[in-house]
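Below: one structure, written as structure tokens.
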Amino acid sequence: MLNKVVNDNRELIKNEESTKQFLILPLLRGLGYDTYSPQEVTPEFTADFHKKPT
């Protein structure tokens with residue numbers, strides 16, 4: 001189903017917010033996550049793994 005959404009709306013998915021709305025959130029819901037729960041999904045999680053410890 002997600003593949004169909006992507007193929008049918010490819011020209012509309014052009015930026016970060018539309019990617020999140022039409023791809024990422026449906027994928028997470030399909031995997032069983034509650035995308036409205038901050039205990040399960042953290043928006044804008046910082047993943048700066050390349051930074052050296054101070």
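Only the coordinates and a few stated rules stand behind these numbers; no lab work does. Not measured: the values here are computed from a predicted model. Cβ coordinates were reconstructed from backbone atoms using ideal geometry, including for glycine residues, and neighbour counts include every protein chain displayed.
I'm trying to understand the selection: among the residues of region 10-54, which are among the polar types (S, T, N, Q) and in contact with a helix residue (DSSP H, G or I) (Cβ under 6 Å, 6 or more places away or on another chain)? T35 - this is the single residue of region 10-54 that is among the polar types (S, T, N, Q) and in contact with a helix residue (DSSP H, G or I) (Cβ under 6 Å, 6 or more places away or on another chain). Considering every residue within region 5-15, establish whether at least one is within 10 Å of the chain's Cα centre (by Cα) and among the β-branched types (V, I, T). Taking every residue of region 5-15 in turn, none turns out to be within 10 Å of the chain's Cα centre (by Cα) and among the β-branched types (V, I, T).
Annotation note: Cβ proximity below 7 Å between a residue of region 1-19 that is without any contact (Cβ under 8 Å) to a residue 24 or more places away in the chain and surrounded by fewer than 10 Cβ atoms within 10 Å (Cβ to Cβ) and a residue that is assigned to a helix (DSSP H, G or I) and not small (G, A, S) (sequence gap 6+ or interchain) occurs for no pair.
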